[in-house]
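The values are calculated or read from the model by the stated rules, or taken from the named source; none is laboratory data. No experiment lies behind these values; they were computed from the predicted model shown. Positions of Cβ are generated from backbone atoms using ideal geometry, with glycine treated the same way; all protein chains shown enter the neighbour counts.
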Amino acid sequence: MRKKIITILLMTTFIPAMLIAQSPDDPEIQKAKRETAVVFDLGRLFGYLAKMEENQKELALSNEQLEKIYTVMEEIYTTERLEPKQAEKLLTYLEDNVLSPEQLMYTDQLAIEKEKERETRTPGSGGGGGQITSYIAGGPFNPMRDPNKNIGKDFLEFYKYVAKRIGKE
């Protein structure tokens, strides 16, 4: 009985504490953040596209573009572990084959503004801590499926918007 209690105590107290205690300066965390940056860039793009649709009517997405974006979003939403290579491929496809140069310039400007915002925050804040830990451990990793994070909320909201616009809701 005593052995069982000690085992339970270890599993419920010390192991999670060790996982949480990884410092943002940990080289493994830093490496994972660099590797997964493209995944977060891809996710943020959908938020930028939503802002573009809302604020820049002259840059509105065509039905053909929305169909292609919806196909990409479907793939992302049904993927439990979004690998950086897959995210890079999808981001490149959207940039090279779907969005116009004017639309890209607008989303790039939003990305630059967002980066400036991030630079003014406290070091170590943000960055998908739990997601990064899961990525390192080989577990699920898809920030766009996390409705508790802004990137997930923005993705889901735009996903529903696109589905409605093309009659797939």
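I'd like to check something: does the stretch 76-83 contain any residue that is part of a helix (DSSP H, G or I) and at pLDDT 95 or above? Yes, the stretch 76-83 contains a residue that is part of a helix (DSSP H, G or I) and at pLDDT 95 or above.
Can you spot a residue in the stretch 94-108 that is in a helix (DSSP H, G or I), in contact with a Lys or Arg (Cβ under 9 Å, 6 or more places away or on another chain) and within 14 Å of ALA163 (Cα to Cα)? Spell out how you get there, then give the answer.
Step one: filter the stretch 94-108 for residues in a helix (DSSP H, G or I), giving 94-98, 101-108.
Imposing the further condition that a residue be in contact with a Lys or Arg (Cβ under 9 Å, 6 or more places away or on another chain) reduces the set to 94, 97-98, 106-107.
Now restrict to residues that are within 14 Å of ALA163 (Cα to Cα): none.
No, the stretch 94-108 contains no residue that is in a helix (DSSP H, G or I), in contact with a Lys or Arg (Cβ under 9 Å, 6 or more places away or on another chain) and within 14 Å of ALA163 (Cα to Cα).
Give me the residue from the stretch 128-145 that is in a loop (DSSP other than H, G, I, E, B) and surrounded by 18 or more Cβ atoms within 10 Å (Cβ to Cβ) and, out of that set, modelled with the highest pLDDT. Within the stretch 128-145, the match that is modelled with the highest pLDDT is ASN142. Whenever a residue of the stretch 13-37 is modelled with pLDDT of 50 or more, its partners that are of a type in the set (Lys, Arg), lying with C-beta atoms within less than 9 angstrom and at least six residues away or across chains, give the pairs PRO24/LYS33.
The residue that is nearest to the chain's Cα centre (by Cα), counting only those in the stretch 46-70 that are exposed (fewer than 14 other Cβ atoms within 10 Å of the Cβ) and assigned to a helix (DSSP H, G or I), is GLU54. Of all residues in the stretch 158-169, those that are within 13 Å of THR71 (Cα to Cα) have Cβ atoms under 9 Å from Cβ atoms of residues that are of a type in the set (S, T, N, Q) and surrounded by fewer than 17 Cβ atoms within 10 Å (Cβ to Cβ), 6 or more apart or on another chain, in ILE166/ASN63.
When restricted to residues that are in contact (Cβ under 8 Å) with a residue 24 or more places away in the chain, under 26 Å from GLU117 (Cβ atoms) and acidic (Asp, Glu), the stretch 59-96 contains 1.
Rundown of residues vs (1) part of a helix (DSSP H, G or I); (2) buried (at least 17 other Cβ atoms within 10 Å of the Cβ), yes/no style:
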position	(1), (2)
MET73	yes, yes
GLU119	yes, no
PRO147	no, no
PHE155	yes, yes
